[in-house]
Each structure stands twice: as C-alpha cells, then as structure tokens.
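Everything below concerns the one structure shown next.
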Amino acid sequence: MHTVARRTSLLVALALTGAGTLAAQQPAKAASPVSIGGVVYAQYLYQVHDTAAHGNNFDVTRAYVNVAAKLAGNLATRVTSDIYRNADGSLGFRLKYAYFGYTPNAGPLTFKLGQIHTPLVDWEESLWEYRMQGTIALDRNGYLTSSDFGAGVDGSWKKDAVNMQVGIYDGEGYNHPPGDKRKDAEGRVSVRVLETDDMSKVGGLRVTGYAQTGKPTGGGIRDRFVGLLSYRSKLVTLAGEFARTRDRLDNPPAPAAPSASTIKGQVISLFGVVHVPNSRASIIGRVDIVDPNTDVANNRLTRFIAGASYQLTPNLRLLADLDNLSYEGGVTTPAQYATKTQALFQTQFTF
C-alpha cells in the first residue's frame, strides 16, 4: 500500500516538473503592436457678460479615440476618430487622422500619406499645452486646420535641435470635402538656439517659421506666413507669434460668394504657462489680437485668457479660467462672436 502511494506521488511530481519545464520553454507572448487611447475635453461654461442672458451648461466639447500601431519594416499607422458638437447642438462623428508613416532605416525622416497633421497646429498645441481651453489663435479664427488630406515629410535632427514638417495638402481641411485639383504647400521649421531642461520637440529657446501658399477650390489666394519665438523649460513657457494672411475666393462653391478683392489679415498671439514649483499647479495666460482685414477700420478682435490648472492625476487635468473677447468699436458681429466673457471649468482626461 505504501509502495503504491510512493509511486503515485512520484508520478505526480514528475508530471508537475514536466509541465513547469514545458511552460518555461514556451516563448513569451510578444507585446501587441497596436495601442488604443484617447482624450476627452469636458467643461462647465457660464456666460458672465454677453447677449445670452447668463446662459450656462455642462458639455463634452470634444472626444478623440486613437488607434495606433508600430509595425515591422519601420512602418507606423494611426487612425483617430473625432466626436464633436454640431452647430445645431447634436453630436457628430468624423475622421480626424488616418495615415501611415514610413521611416527608412530608422533615420531622421518619416514619410506620411493619408489624412495627416498639418505642420504648425499640432506642434504649437504641444508648446501651449492647453488645447483643452481652445484651439490656437490661427485655428480658432479659421486660418489653419490641424488635419488635412495629403502627403508629407517629418524630420528631426540632433535630438530635436532642428525639426521640420513639409507637405502637399488638398487645403480645405479634414472637416470639408477634398475640393478640386488645386493644392496647398505647407511647411514648418523650428530651431533650438538655446537648450533648457526641456529637450522635447518644443523645448528650449526656439525660432520657428511656417508658410502656406495655395489656392482654394474654385481659384484664388490662400497664403499664411507665421513667425514664432518661444522659450520653454520645465518651469515656464513663453511664446510670441506674428502671422500675416491673404485670402481671395474667385469662384467658390455655394453658398460662399466670390471676393471683391484680396483680404489681408493679421494675427498676434502671446501666451505663457508658469508651473508652480514643487506642486501640480500652473498659471496660464494668453492674448490673441486678430485683425481679419487690415484695410478695414474697427474690426479687430482681442481675446484675453487667464486661469489656473491642477494636474490631479497623470491622466486628469483641471482648469478654471476666464475667456474675454472684446471688439474694436463695440462691434459684436458676426454672430459667432456674440459672447464676450465666459467663465469656464474645464477638464482633460486621457486614457
């Protein structure tokens, strides 16, 4: 009886040992090349001084879902969906990014094709840090868009001491139909002239230039020229931007009307962020001065933004701010500029 028990125990031990050996011999499961993430902007808005009788509401102003993959052969892809608020109050769903990128020999250049980033907006949003408050001045006022259909090249040298992006785009933006045969050429180059403790693509003392030239659907002029001087460290960000624009529509699709002449615009944007030492708090400020037609008097718009943020967790940032828009000459048209002063509590959640 004892012999049978000893034999049974020996067989069990051998079986367990063999199973453990087989498990140890199995190759580790490779990490998935596909990652899924996203970002959500939510807010509470109170109209402090406006024409809307102190309206207030909670809202999810934007939600993005990203699917990205790093594949063999130095190939990468990204698809981003954009859930946004329509003018009629309903929620819409559209494609923001959908492209592949190829980096030959893991070198400094990456070639992209599809619905891709335009050269300036995403870069400047990384510098500003607070897309949750609103888009940059040139995007907010309709001069640039963050994504478009096209082909481009990204480049980075000497640990981002110099980085650039150039491309050929349809020019109408991701939120409009591709348009006709006409295309826009866009390019940005940024040079770090002084290092700080921030060695990212936007860190240090930098001089950045951007240019866009093209023709809108139906013919005309669409030119943007931007110069930006910025300083960024782990403690502080300071930046000043100056832009000149030229626009003319010769034969636009309805309901737009042709332009009687070339419209020359000017945009100045100054912004800064101070991170409070040994804390998760920051102070932000921004001034945007937009002259949509420099040949017309009393049409300048000036926006002041000031607030304080707190990084509650690595994935959740909170922001309380005031956003004041004033009109030269007291003009409050067109209708999209009817609100003058807003108080906002905003959140950015990433996953």
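The values are calculated or read from the model by the stated rules, or taken from the named source; none is laboratory data. Model, not experiment: these values are computed from the prediction. Ideal geometry is used to build each Cβ from the backbone, glycine not excepted, and the neighbour counts take in all protein chains shown. The area values use the complete protein model at the heavy-atom level, side chains included, leaving out ligands, DNA and RNA. Shrake-Rupley method; radii C 1.70, N 1.55, O 1.52, S 1.80 Å.
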> Length gain on complete extension for the stretch ASP50 to THR213, per 0.36 nm per residue less the alpha carbon to alpha carbon distance?
Replying inline: 55.0 nm
>> Using a Gaussian network model on the chain with a 10 Å cutoff between Cα atoms, which of GLN212, GLN311, GLN266 fluctuates the most?
In response: GLN311
> Cα centroid distance between segment 284-319 and segment 207-258, in Å?
Replying inline: 17
> Where a Cα-Cα gap under 17 Å defines reach, which aspartates and glutamates qualify for LYS70, not counting those fewer than 8 residues away within the same chain?
Replying inline: ASP154
>> Not counting ligands, DNA or RNA, and with a 1.4 Å probe, what is LEU316's accessible surface area in Å² rounded to the nearest 10?
In response: 40
> What percentage of the solvent-accessible surface of segment 249-318, computed with a 1.4 Å probe over protein heavy atoms, is contributed by carbon and sulfur atoms?
Replying inline: 61
> What length, rounded to one decimal in nm, is gained on full extension from ILE36 through to LEU205, with 0.36 nm per residue of separation minus their alpha-carbon distance?
Replying inline: 57.5 nm
>> Solvent-accessible area of MET132, probe 1.4 Å, all protein chains present, reported in Å² to the nearest ten, please.
In response: 10
>> List the aspartates and glutamates whose Cα sits under 14 Å from the Cα of LYS183, skipping any in the same chain fewer than 8 residues away.
In response: ASP148, ASP170, GLU172, ASP223
> Pairs LYS158/LYS181; LYS112/LYS158; LYS159/LYS215; LYS96/LYS201; LYS264/LYS340: which exceed 28 Å Cα-Cα?
Replying inline: LYS158/LYS181; LYS159/LYS215
> HN-Hα J couplings of segment 344-350 from phi, Karplus 6.51/-1.76/1.60, θ = phi - 60°, integer Hz, Gly and Pro as x?
Replying inline: 10, 10, 10, 10, 10, 10, 10
> In what order, largest first, do ASP148, ASP139 sit by accessible area if the probe radius is 1.4 Å?
Replying inline: ASP139, ASP148
> Using the alpha-carbon atoms, what tilt in degrees (0 to 90, nearest 10) does helix 2-25 show relative to the longest principal axis of the chain?
Replying inline: 30
>> If I model a spin label at ASN57 and ILE268 as a point 7 Å from the Cα along the Cα→Cβ vector, what separation in nanometres do I get?
In response: 3.5
> So what's the net charge close to TYR174: Lys and Arg +1, Asp and Glu -1, counting the other residues with Cβ under 13 Å from its Cβ?
Replying inline: -4
> If you work out Rg and Dmax of the Cα atoms in Å from the coordinates, which of (i) 26.0, 108; (ii) 21.0, 62; (iii) 34.3, 143 do you get?
Replying inline: (i)
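For the chain, what is the accessible area per residue in Å² when the probe is 1.4 Å?
That works out to 53 Å² for each residue.
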> Once phi is turned into ³J(HN,Hα) by the Karplus curve 6.51 cos²θ - 1.76 cosθ + 1.60 with θ = phi - 60°, what whole-Hz value does each residue of segment 191-197 show in order, with x for glycine and proline?
Replying inline: 10, 8, 9, 8, 7, 10, 7
> How would you order 274-281, 251-258 from highest to lowest mean count of nearby Cβ atoms within 10 Å?
Replying inline: 274-281, 251-258
> From the phi of every residue in segment 233-243, what ³J(HN,Hα) in whole Hz does the Karplus formula 6.51 cos²θ - 1.76 cosθ + 1.60 yield, where θ is phi - 60° and glycine or proline is x?
Replying inline: 10, 5, 9, 9, 10, 9, 8, x, 10, 10, 9
>> What distance in nm lies between label points placed 7 Å from Cα along the C-beta direction at ALA260 and VAL189?
In response: 4.1
> Relative to the present Cα-Cα distance, how much length would full extension add between LYS181 and ALA76 at 0.36 nm per residue of separation?
Replying inline: 34.9 nm
> If you put +1 on each Lys and Arg Cβ and -1 on each Asp and Glu Cβ, how big is the dipole of segment 186-287 around its Cα centre, in Debye rounded to 20?
Replying inline: 20
> So how strong a dipole does the chain carry about its Cα centre when Lys and Arg Cβ are +1 and Asp and Glu Cβ are -1, to the nearest 20 debye?
Replying inline: 1200
> Add -39500 (n - 2.57) for each DSSP H run of 4 or more in the chain, then divide by its residues: what number comes out at 222 nm, to the nearest 500 deg cm²/dmol?
Replying inline: -3000 deg cm²/dmol
>> So, taking all protein chains as they sit and a 1.4 Å probe, how much accessible area belongs to LYS215, in Å² rounded to tens?
In response: 110
